[in-house]
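Peer 1: Input: one structure, supplied below.
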Amino acid sequence: MGRTHIYISNSHLLCQVLFLCVLGPAFLGVIKPTSCTSNLLTFRCSQMEKNALLNFKESLTDPSNRLSSWVGEDCCKWIGVGCDNTTSHVVKLDLYNPLRRETYNCKSCLGGKISPSLLNLTHLSYLDLSLNNFEGQLPASLGHLTNLSTLVLSVNNITGEIPSSFANLCNLQTFRLMANGISGEITQFVDGLSQCSNNSLELLDLSGNKLLGGNLPYSLGALKNLKNLDLSSCSFWGSIPDSIGNMSSLQLLALTANKMNGSIPNSMGKLSTLEKLALGGGNSWEGVLTEAHFQNLTQLTFIELGISTRWSLVLNVKHEWVPPFSLTYIVFNRMKIGPKFPAWLQTQNELKYLSLVDVGISDTLPQGFWNSSSSLSYLSLYQNQIRGQVPYYQSYSITYYLDLRFNNFEGQVPLFHSKFMKVLYLEENMFSGAVPENIGELLPNLLHLVLSSNFITGRIPPSIGILKSLEILALRNNSLSGELPPHWDDMQSLYFLDISDNNISGKLPSSMQFLSSLQWLSLGQNHLEGELPSFLRECTKLISLDLGGNKFFGNIPVWIGESLSNLSRLSLRSNLFDEVIPQQLCLLSSLHILDLAHNDLSGGIPQCLGNLSKNGESKFANFLEQIAIFYKGRDYLFRNTIYLVHSLDLSGNNLSGEIPDSITDLLKLNILNLSMNHLIGKIPKNIGNLKSLESFDLSKNQLFGPIPESLSSLTFLSHLNLSFNNLSGKIPFGNQLQTLTDPSIYQGNPLLCGLPLSKKCLGDETDPRTTPNGSGNGEDNNDGMEFGSLSFYISMVAGYIVGFWGVCGTLIVKTSWRQAYFRGFDNLKDRIAVFIMVKVVPLIRKIKFERN
C-alpha cells in the first residue's frame, strides 16, 4: 500500500558489500553469500521508533487489516514506513488510502485518533494520513516534529483548531488539511510562520473546513515562498489584505465559496507569477476592477470570479484595453461587465472555457465571434440579453457544452454538427422553425437537449430516438404538433423528459415502457388522449409525473400507488378521469404534491390521505423541472423551489362526504384546495395544526357549522376562500386573519357575521374590534343605537322565552305533537334539542336577519 519503503544505500557502500559477498569467502572461507546479503542489506529501526509505530497502530482501527505487515523486529520493512538509508531512522510514514471511493462506509479506511506517540518519530519528515477516517482534535504534538517537510491529513474527520505549536514547523513545505472539521482562525498559525525568517512553506491547502472563518491575516504577505494557497470553503469574510501583493512566488490563489464581501486590492496586479486565480463561489465582492488589478499578471491562464450578490463587482476597463495575459479559462458570473460585449475577449486566442453568466450584456455578438469560438470546449452566455442570430449551420469540432439560455437569440434552430457535443441549451430565446430532422445524426453523443420556451414548430423528429446516450430532453412551451415519436426503445439513459405546453396529440407510444431510467416525466398541457397506459407502471423510478391538461379518461389506476413508490409529485389535473380516488395513492409516502383538480372524480376523500408526505421534502430535484400549481387564486409556475412545495388540490370534481380529520396530519402542507365539490359537514376543528398553510380554499361546497377558532393560528395564511357554503356564527379574529380584509372570501354564507363582513354579531356593540381605534367606548358608536339595540334584544329574548314555553308547554300537554316531532328520540334532553334546532333557531335567525 505504501509508495516508498526502503531507501537504497549509496554506490560506494554497495560496492563494498558486493566485494565481501562475492570475494570474501575465497579469502576467509567463513561467510556465505546468502548470509551476507540478508544481513548487510537489512535496515533495523530503533526500539523507540518501533514502539512508537506499534503504539500508533494500537490506537487506530483497521477494518481491512491494511497494517498486517507491521510485525517483526525491523519496522523499516513495514508497509507505509520509510527509513533513512544511512541512519535507519524512520523518516516517512505514508498511510494515504488510494482505495477510498466514498465519504462514508470506507472499509479500507484507517480510523481512530492520531496518537501522540508519533512524537517519538523525531526524524520524521513526511507524514501522509489522507483519505482515512481519523477523528478527534489535531494533536499539538505534531507541531514538535520540527523536521516535517510534508504534512497531509486531507477527506478525514479531524476537528478543533490548528494548534499554536504548528507555528514551529518552519521546515514545512507542504501542508494539506482539506475537507476536515477544523475550526477557529488561522491568524496565530500564519503569524508564527511569518516570523520564522527561513520558513519554507510552498503549499497550504485548508479548503473545505467550513468553520475556519475569520479574516485573512495580513501576515500572509510574509510567506514569500508560498506557491499554492487554497482556502476555499472556509467561511472567511472581509477583504483580501493588501499584503497579498508581496507573495512574489504565488502561482495559485483559491478563495472560492467563502463569505468574503470586501474589495479586491490593486496589489493583486503585482503577482507576476500567478497562473490561477479563483475567487468565486459564495463570495460577495464589491467595488470596481480596473486594468491595475491585472497589470503584471503575464502568467495568468485561469480566472474564476463568480459572485453571489448580483453586480456588486464591476469590471471597468477601457474599450481598447489589451490584457497582458493569454487565458484558457474564464468564469465571470453575476458580476457587471455589460452592456457592451467586452472587446478584450477577442484578444484571447487560447480560450477553451468561457462562462459569462448574468453579466448584463445586452449587445449583439461581435462579427466573427462564432468562427473564433470554434476552439472552445465550454461556452455559457446564460441569462443575459444578447441579441442576434446564431449561424444556421455551424460545425464544431471540439465544443461539448453550449448554453445560450435566457437571451434574445432569434432565427431558425441552429444546426450544430459535432460528434463531441454533449450539452445543448437553447431555452428561453426566440428561436423558430423546426427541430432539424437529422438531429440524431448530427449530434450522436448528445446528453442534454434543452429547447424549451421558444417558438419552435413542426413535429418532434423521429431521429431523437437514436440518441442512445440522451439523459435530458426538454421541449417545453413551444408549438410542436403531431404525435410523439414511436421509438423510445434505445433511450435507456433518459431520466428527464418534458414536452409539456405544446400541441402534441394521440396516445402514448408503447415503447415508452422501456424508459427504465425515467425520473421526471412531464407531458401536461397537450392534446394527448386515451386511458392511462398500464405500461407506465414499468417506469418505477419516476419521481415526478405531470400529465395534467390533456384528455386522458377512465379510472385513476391503482398501480400508480402500487408500482411508482418513488413519486413525490403527481399532477393529473384537467383531464377526464372519473370514479373514486383510489386508496392505493395513500401508499405514496413521499408524495408532497397531489393535484387531481378539474376531473370528474366522485365519492369521498380517502381518510388515508393523511399518510402522504411522511418522508418530508423530496431530496430529488432537477434544475429544469417546472410544475404549474393553482396557488392563491391563480396558476403559478414553480421551478427551483418545487421540492419545497407541499400541495393537495382536489378542486373542481364531484367529491362528496365530509373532509377527513386526517387532512390535519399533513403538517407541512402549504396549499390545500378542496373547492367546487359537494362536500358537507364541518371544517375540521384542528385545521390550525397546518402551521405551514399559505393558501386555503374550501369555496363552493355545502359545509356548515362555525369556522374553527384554530384557523386564526395559521400565521402564514395569505389566501383564504370560504365563500358559498352554509357556514354560520362569528368569523374568528386575530393574527393573520385580521390581514385578510376582503369580505368576498366569506360571501354566500348568510349566517356568518363579524369582520370583515358588514353584518354584526350579537354583542358586537361591546366588542372593542367594532369601535374606533379599538377603544370600545366611543360615543359615536352609542348615539342613537344603544337604546334601540337594547330594547330590540330585550324584546327578542322575551319573545323567545314566551315562544319556547308556549310551544314546549303544548308539547308536554299534547301527545300527538310529541309523537310527530320526537319519533325515534327517547329521552327529554334529545327531544328538547331537536325542537330547538327545528323551530327555535330558525325563528331567531329570521328575526336577526330582518333586524339587520
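The values are calculated or read from the model by the stated rules, or taken from the named source; none is laboratory data. Note that this is a predicted model, so its numbers are computed, not measured. So basically every Cβ, Gly included, is an ideal-geometry build from the backbone, and we count neighbours across all protein chains shown.
Peer 1: Filtering the range 624-676 down to residues that are charged (D, E, K, R) and surrounded by 21 or more Cβ atoms within 10 Å (Cβ to Cβ), which residue is farthest from Leu703 (Cα to Cα)?
Peer 2: Glu625
Peer 1: If you don't mind, there's one more thing I want to ask. Return the residues of the range 630-645 that are out of contact with any Asp or Glu (no Cβ under 7 Å at 6 or more places or on another chain) and under 15 Å from Leu672 (Cα atoms); say none if nothing qualifies.
Peer 2: Those that are out of contact with any Asp or Glu (no Cβ under 7 Å at 6 or more places or on another chain) and under 15 Å from Leu672 (Cα atoms): Tyr631, Lys632, Gly633, Arg634, Asp635, Tyr636, Val645.
Peer 1: Looking at the range 478-493, I want the residues that are closer than 23 Å to Val413 by Cα and have a partner that is modelled with pLDDT of 95 or more and among the aromatic types (Phe, Trp, Tyr) with Cβ atoms under 9 Å, at least 6 apart or on another chain. Which pairs are those?
Peer 2: Pairs that qualify, where the first residue is closer than 23 Å to Val413 by Cα and the partner is modelled with pLDDT of 95 or more and among the aromatic types (Phe, Trp, Tyr), are Asn478/Phe455; Ser479/Phe455.
Peer 1: Looking at the range 629-679, which of its residues are among the basic types (Lys, Arg) and closer than 20 Å to Leu545 by Cβ?
Peer 2: Answer for the range 629-679, where residues must be among the basic types (Lys, Arg) and closer than 20 Å to Leu545 by Cβ: just Arg639.
Peer 1: Here are the criteria: (1) among the polar types (S, T, N, Q); (2) touching a Cys at 6+ places or on another chain (Cβ under 8 Å); (3) more than 19 Å from Gly181 (Cα to Cα). Tell me which single one Gln251 does not satisfy.
Peer 2: Of the numbered conditions (1) among the polar types (S, T, N, Q); (2) touching a Cys at 6+ places or on another chain (Cβ under 8 Å); (3) more than 19 Å from Gly181 (Cα to Cα), the odd one out for Gln251 is (2).
Peer 1: Here is a follow-up. Within the range 217-226, is even one residue surrounded by fewer than 19 Cβ atoms within 10 Å (Cβ to Cβ), at negative phi and among the hydrophobic types (A, V, I, L, M, F, W, C)?
Peer 2: no
Peer 1: Just give me the residues in the range 58-90 being surrounded by 18 or more Cβ atoms within 10 Å (Cβ to Cβ) and under 21 Å from Leu131 (Cα atoms), in sequence order.
Peer 2: Leu60, Arg66, Leu67, Trp70, Trp78, Gly80, Val81, Gly82
Peer 1: Looking at the range 440-461, can you tell me whether even one residue there is touching a residue at least 60 places away in the same chain (Cβ under 8 Å), within 29 Å of Ser510 (Cα to Cα) and in a loop (DSSP other than H, G, I, E, B)?
Peer 2: Looking through the range 440-461, at least one residue is touching a residue at least 60 places away in the same chain (Cβ under 8 Å), within 29 Å of Ser510 (Cα to Cα) and in a loop (DSSP other than H, G, I, E, B).
Peer 1: When you scan the range 643-650, do you find a residue that is under 23 Å from Ser452 (Cα atoms), of a type outside the set (D, E, K, R) and assigned to a helix (DSSP H, G or I), even just one?
Peer 2: Scanning the range 643-650 turns up at least one residue that is under 23 Å from Ser452 (Cα atoms), of a type outside the set (D, E, K, R) and assigned to a helix (DSSP H, G or I).
Peer 1: Let me ask you something else. Ile556: assigned to a loop (DSSP other than H, G, I, E, B) and modelled with pLDDT of 95 or more, yes or no?
Peer 2: Yes, satisfied.
Peer 1: Is there a residue in the range 565-574 that is surrounded by 17 or more Cβ atoms within 10 Å (Cβ to Cβ), over 16 Å from Asp649 (Cα atoms) and hydroxyl-bearing (Ser, Thr, Tyr)?
Peer 2: no
Peer 1: To continue, here is another question. Quick test for you: out of Ile303, Ile186, Ile264, pick the one residue that is among the aliphatic types (A, V, I, L, M), touching a helix residue (DSSP H, G or I) at 6+ places or on another chain (Cβ under 7 Å) and buried (at least 17 other Cβ atoms within 10 Å of the Cβ).
Peer 2: Only one candidate passes the filter, namely Ile264.
Peer 1: Could you grab me the full set of residues in the range 671-724 that are under 21 Å from Phe638 (Cα atoms) and not in a loop (DSSP other than H, G, I, E, B)?
Peer 2: Within the range 671-724, Ile671, Leu672, Asn673, Ser695, Phe696, Asp697, His719, Leu720 meet the criteria.
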